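Worksheet for the structure shown next.
The values are calculated or read from the model by the stated rules, or taken from the named source; none is laboratory data. Everything numeric here is computed off the predicted structure, so don't read it as measured data. Reconstructed Cβ throughout: ideal geometry from the backbone, glycine too, with neighbour counts over all protein chains shown. These accessible areas exclude ligands, DNA and RNA; they are computed on the full protein's heavy atoms, side chains included. Shrake-Rupley method; radii C 1.70, N 1.55, O 1.52, S 1.80 Å.
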Amino acid sequence: MFDVHKSWRRFKLGLALFVAGVVQLFTLSHLSTFLYYYSVTTLLVGFVIAMSGYIGIFMQRFAFLKDKKIPPSFKDD
């Protein structure tokens, strides 16, 4: 269904791009309008990639919890 290793790799790549976009935004964006939009674009692309990886990780863990057997409840009689 979801490969947790691919999702984790995608999340780390997106996080790295997001951090690179933040660094660019704070260091280069004041130099020109092009660099500002370039850094914002890098930041947003990194965010989208990281969130797509995070959704894959979340869905894999949610499926694991769903498949886990729930023990029967004991009632006080």
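Some notes on this structure:
- Within region 2-25, if we keep just the residues that are within 12 Å of Ile49 (Cα to Cα) and among the aromatic types (Phe, Trp, Tyr), the residue that is surrounded by the fewest Cβ atoms within 10 Å (Cβ to Cβ) turns out to be Trp8.
- Sole exception among (1) modelled with pLDDT of 95 or more; (2) in contact with a Phe, Trp or Tyr (Cβ under 8 Å, 6 or more places away or on another chain); (3) open to solvent by less than 40 Å² (accessible area, probe 1.4 Å) for Phe47, by number: (3)
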